[in-house]
Structure formats: structure tokens, C-alpha cells
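J.: Quick one: this structure, given as C-alpha cells, is what I'll be asking you about.
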Amino acid sequence: MTSEHPGVDAAEQAAAMLTTAGMARMPARVMMALVGSPDEGYTAAELGDRLGVSAAAVSGAVRYLVSMRLIQRLSRAGDRRDRYDLTDDAWSGMITANAPLYAALAAHIDSIADDNDGAPVSVARARDVADFLRYLSERMPHLAEEWRAERSSGAR
């Protein structure tokens with residue numbers, strides 16, 4: 001990794017945290033590199049340089065992140081190379097996008113608990129988890145809205 005890029009060490013540590021949380025390693029590294037990108041974004045080759053990997057190694061991560069709407073492809077007149085940068089609102093979008101997943105997971109956990117009538121302690125634990133997931137599902141979109149409103153009001 002070259003030192004001409006800002007925040008390389010912190011980006012690698014943050015990427016490792018995302019990987020620990022379940023994100024694939026290369027998309028996590030690309031996403032964190034883009035947090036410290038220049039205003040015009042990075043090309044795949046520049047991302048590869050920053051990360052110490054080939055542009056080809058970056059390709060799959062870029063495709064995945066674009067498909068998840070976490071990063072965007074930028075085009076510039078006269079430049080045939082695509083550039084990439086984070087989408088606006090990528091982080092709150094990434095977190096709130098899981099809200100429906102939490103609700104669906106809660107429903108499945110409730111079904112498991114419904115079938116486990118011989119284990120009241122296990123059922124109670126499952127119901128608590130399902131309730132928490134439903135709470136996340138309901139609150140995450142509101143938290144993102146509150147954050148956006150606070151940001152636009154200049155309170156932050």
C-alpha cells in the first residue's frame with residue numbers, strides 16, 4: 001500500500017471490522033478505500049494501487065458494491081475509465097436496507113418458538129430475540145430519517 005493515499009491504516013482497520021461483521025473482505029476494503037477517495041473518486045487501477053492488489057481483483061468487489069448501491073460509477077467527459085465513489089447516503093442506506101430482513105428473521109424465529117413448546121426457557125429467549133429484531137426493523141428507518149433531518153437543520 002502506498003502512503004500517498006489518506007487514511008490507509010484506519011481504512012484497513014475499518015475494513016477488518018466490516019469483515020468481522022460479515023462483509024466480504026475485498027468489498028470491505030474497497031468501500032473503506034473510497035471513504036478516503038479524492039473528490040473525483042478512484043479508477044479500478046487506482047483502487048488496486050491503494051489496496052496493493054490488481055485492478056482485476058478490485059473488479060468483483062466493485063460490481064458487488066455497485067449492485068448494492070453502496071458505491072456509484074462516475075463518468076467524466078473525455079475519460080474512458082470509470083471512476084468509483086461512495087453513493088450519497090451509502091451508510092444509512094446500508095444499515096436501513098436490512099430492516100425488512102430483521103422483520104422476516106423475527107417471523108421465522110417466532111415460528112421456531114411456536115414449534116418448541118417443550119422448552120419454555122428456549123422459547124422465551126427466542127421471543128426476546130424476535131422482539132429485538134422487530135424493534136430494529138421498525139426503528140432503523142426512523143433513526144435514519146431523524147439523522148437526515150438533524151443534519152439538514154445544521155444541528156450537527
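The values are calculated or read from the model by the stated rules, or taken from the named source; none is laboratory data. Just so it is clear, the structure is predicted and the values come from calculations on it, not from any experiment. Every residue, glycine as well, gets a Cβ built from its backbone with ideal geometry; the counts of neighbours run over all protein chains shown. For accessibility, only protein heavy atoms count, side chains too; no ligands or nucleic acids. Shrake-Rupley method; radii C 1.70, N 1.55, O 1.52, S 1.80 Å.
J.: Got a number for residues in segment 43-61 being closer than 15 Å to Asp79 by Cβ and open to solvent by 10 Å² or more (accessible area, probe 1.4 Å)? Full working, then the answer.
T.: Here is the first cut: in segment 43-61, the ones closer than 15 Å to Asp79 by Cβ are 43-46.
Subset that is open to solvent by 10 Å² or more (accessible area, probe 1.4 Å): 44-46.
The total comes to 3.
J.: Related question: Which pairs turn up if I take residues in segment 130-148 that are under 15 Å from Asn98 (Cα atoms) and of a type outside the set (Gly, Ala, Ser) and look for partners that are in a helix (DSSP H, G or I) and open to solvent by 70 Å² or more (accessible area, probe 1.4 Å) with beta carbon separation below 8 Å, at least 6 apart in sequence or on another chain?
T.: Once the first residue is under 15 Å from Asn98 (Cα atoms) and of a type outside the set (Gly, Ala, Ser) and sits in segment 130-148, its partners that are in a helix (DSSP H, G or I) and open to solvent by 70 Å² or more (accessible area, probe 1.4 Å) give Leu133/Leu105; Met140/Ile95.
J.: I need a count of the residues in segment 97-112 that are open to solvent by 30 Å² or more (accessible area, probe 1.4 Å) and either within 24 Å of Met32 (Cβ to Cβ) or part of a loop (DSSP other than H, G, I, E, B) (or both).
T.: Going through segment 97-112 one residue at a time, the tally reaches 3.
J.: Being modelled with pLDDT under 85 and closer than 30 Å to Arg29 by Cα is true for just one of Thr96, Thr87. Which residue is that?
T.: Thr96
J.: I would also like to ask the following. Among the residues of segment 126-156, which ones are assigned to a loop (DSSP other than H, G, I, E, B) and under 19 Å from Ile95 (Cβ atoms)?
T.: Arg156
J.: Also, quick follow-up: Which of the residues spanning segment 64-93 are buried (at least 17 other Cβ atoms within 10 Å of the Cβ), part of a helix (DSSP H, G or I) and not hydroxyl-bearing (Ser, Thr, Tyr)?
T.: Correct list: Leu65, Ala90.
J.: Does Ala45 satisfy the criteria of being farther than 30 Å from Pro141 by Cβ, among the hydrophobic types (A, V, I, L, M, F, W, C) and in a helix (DSSP H, G or I)?
T.: Yes.
J.: What is the residue count in segment 48-63 for residues that are without any contact (Cβ under 8 Å) to a residue 24 or more places away in the chain and part of a loop (DSSP other than H, G, I, E, B)?
T.: Going through segment 48-63 one residue at a time, the tally reaches 1.
J.: Another question, then. If you scan segment 24-38, which residues turn out to be over 12 Å from the mean Cα position of the chain (by Cα) and not in a helix (DSSP H, G or I)?
T.: Gly36, Ser37, Pro38
J.: Tell me, which residue of segment 13-42 that is of a type in the set (Ser, Thr, Tyr) and closer than 18 Å to Thr87 by Cα is most open to solvent (accessible area, probe 1.4 Å)? Even if it seems obvious, please write down each step before you answer.
T.: Kept after step one, since they are of a type in the set (Ser, Thr, Tyr), are these residues of segment 13-42: 19-20, 37, 42.
Within this subset, residues satisfying the condition of being closer than 18 Å to Thr87 by Cα are 37, 42.
Values: Ser37: 24, Tyr42: 8 Å².
So the residue we want is Ser37.
J.: Does segment 113-125 contain at least one residue that is open to solvent by 60 Å² or more (accessible area, probe 1.4 Å), of a type in the set (A, V, I, L, M, F, W, C) and either in contact (Cβ under 8 Å) with a residue 60 or more places away in the chain or assigned to a helix (DSSP H, G or I) (or both)? Walk me through how you get there before you give the answer.
T.: Let us first name the residues in segment 113-125 that are open to solvent by 60 Å² or more (accessible area, probe 1.4 Å), namely 114-115, 117-118, 120-121, 125.
Retained after the next criterion (residues that are of a type in the set (A, V, I, L, M, F, W, C)): 121.
From what's left, either in contact (Cβ under 8 Å) with a residue 60 or more places away in the chain or assigned to a helix (DSSP H, G or I) (or both): 121.
Yes; the residues of segment 113-125 include at least one that is open to solvent by 60 Å² or more (accessible area, probe 1.4 Å), of a type in the set (A, V, I, L, M, F, W, C) and either in contact (Cβ under 8 Å) with a residue 60 or more places away in the chain or assigned to a helix (DSSP H, G or I) (or both).
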